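The values are calculated or read from the model by the stated rules, or taken from the named source; none is laboratory data. It should be emphasised that the depicted structure is a prediction, and the values quoted were computed from it without experimental measurement. Cβ sites come from the backbone with ideal geometry, for glycine too, and all protein chains shown count toward neighbours. Note: accessible area is taken over every heavy atom of the protein model, side chains too, but ligands, DNA and RNA are not part of it. Shrake-Rupley method; radii C 1.70, N 1.55, O 1.52, S 1.80 Å.
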Amino acid sequence: MQLFYTPEINEQQKEFSFDKEESKHIIKVLRKQEGAILKVTNGLGYLFTTEIILASDKKCTVKITHSDFFEPNRFYIHMAVAPTKMNDRYEWFLEKATEIGVNEITPIICDHSERKTIKTERFDKIIQSAMKQSLQFHLPKLNEPIPFKQFLAQKQEGNLCIAHCEETSKTLLKSAIRPNEKYTILIGPEGDFSEKEIQSALELNYMPVSLGNTRLRTETAAIVACHSIVYANE
């Protein structure tokens, strides 16, 4: 199944028109014609079965013939991950985390972060593409980048964890996961969290967790943490 995404479509509509860019892709690139069936999601849990009634590369219009709603998972994963020095590594994390089943992502700017500025427009497109490729109907929420201190001040709900590299007592993440609960996981930059940042998180009851016996790159650690929670809920 090929999945299309547009946030504008909803269950109250009988017909819908794609924007010019998507219309051109559907008609010129994919060569879809009137009568072709398209599967469309709005990223909010809905899957719409539609039929092309106007095959225009400027305004492809479909009629909605059926809709299904898929409930979100009972567990929730919020990954707060520092940007990597090489942008493509963070983009890889976004893609794979979306495929695995992350719910929310926040780029956090830390004391040791080498990359301080983030353009989320490209990140959004990567997440959308990964959602479509993996045939999911809930688009992960991508938050704007935020300084680590401000993120902590937001007081997240659920289970709070920080994965750092300091040689201190930690709990193995996979042994601490309980099904059907919310988890917020902090993953630091290549230089790890600073001691001050770790202490600040611990004072707010973030649990220090280990992701295994080897030292992982930022993006790898984030994927391991995300997958551990999904796996524990299967």
Which residues, taken from the stretch 157-199, are closer than 27 Å to Asn233 by Cβ, small (Gly, Ala, Ser), modelled with pLDDT under 95 and open to solvent by 30 Å² or more (accessible area, probe 1.4 Å)?
Ser169, Ser175
Would you mind telling me which numbered condition in (1) in contact (Cβ under 8 Å) with a residue 24 or more places away in the chain; (2) open to solvent by 60 Å² or more (accessible area, probe 1.4 Å); (3) part of a strand (DSSP E or B) His78 fails?
(2)
Across the stretch 101-112, what is the total count of residues that are farther than 12 Å from Pro145 by Cα, buried (at least 17 other Cβ atoms within 10 Å of the Cβ) and touching a residue at least 40 places away in the same chain (Cβ under 8 Å)?
3
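For Thr184, state whether it is touching a strand residue (DSSP E or B) at 6+ places or on another chain (Cβ under 9 Å), free of Cβ contacts under 8 Å to residues at least 40 places away in the same chain and hydroxyl-bearing (Ser, Thr, Tyr).
Details: touching a strand residue (DSSP E or B) at 6+ places or on another chain (Cβ under 9 Å): yes; free of Cβ contacts under 8 Å to residues at least 40 places away in the same chain: no; hydroxyl-bearing (Ser, Thr, Tyr): yes.
Criteria not met by Thr184.
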Residue under evaluation Gln12, criteria (1) of a type in the set (S, T, N, Q); (2) open to solvent by less than 20 Å² (accessible area, probe 1.4 Å); (3) part of a loop (DSSP other than H, G, I, E, B), criterion not met
(2)
Test set (1) crowded, with 16+ Cβ neighbours inside 10 Å; (2) in contact with a strand residue (DSSP E or B) (Cβ under 9 Å, 6 or more places away or on another chain) - Lys96 fails condition number:
(2)
Of (1) in a helix (DSSP H, G or I); (2) free of Cβ contacts under 8 Å to residues at least 40 places away in the same chain; (3) open to solvent by 10 Å² or more (accessible area, probe 1.4 Å), Arg89 fails just (2)
Could you look through the stretch 47-60, keep only residues that are under 29 Å from the mean Cα position of the chain (by Cα) and among the hydroxyl-bearing types (Ser, Thr, Tyr), and pick out the one that is surrounded by the most Cβ atoms within 10 Å (Cβ to Cβ)?
Thr50
